[in-house]
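Taken together, the values in this text are just the output of simple stated rules run on the coordinates, not laboratory data. These figures come from a predicted structure and were not determined experimentally.
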Amino acid sequence: MGHAVSSELDKKKAEKQKERDRWNRAIVTVIRAARDDADVTQQELADRLGFTHRQVVNMEHGRRAIHASDLIMIARALNADPETLLRRILRW
């Protein structure tokens, strides 16, 4: 019985990780599109956010977590509405 419970927990963990990965891809895709739409380079976005260029690259490649506060700051740096970006993420 213990093995079956452990296996079920592992399966649920894997499912949650897949969902988390999907949302992270959506966030990265929407942010990159918003930056492109605003005709802003990665370096320009980094400068506006007080990030390094490497931090923006890592963020856009999914190697850096993007917190809700980051999403709001990124939207503002791109003169975009944070709510609109969130809606795009949720529709992705």
Amide H contacts under 5 Å for Arg64, restricted to residues at least 5 apart in sequence or on another chain and with H modeled in the peptide plane, are Met59
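Report the far tail of the P(r) of region 31-92, meaning the percent of Cα-Cα pairs longer than 19 Å.
That fraction is 19 percent.
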A correct Stokes-Einstein calculation for region 1-71, using the alpha-carbon Kirkwood radius, 4 °C and 1.567 mPa s, returns a whole-number D in µm² s⁻¹ of 93 µm²/s
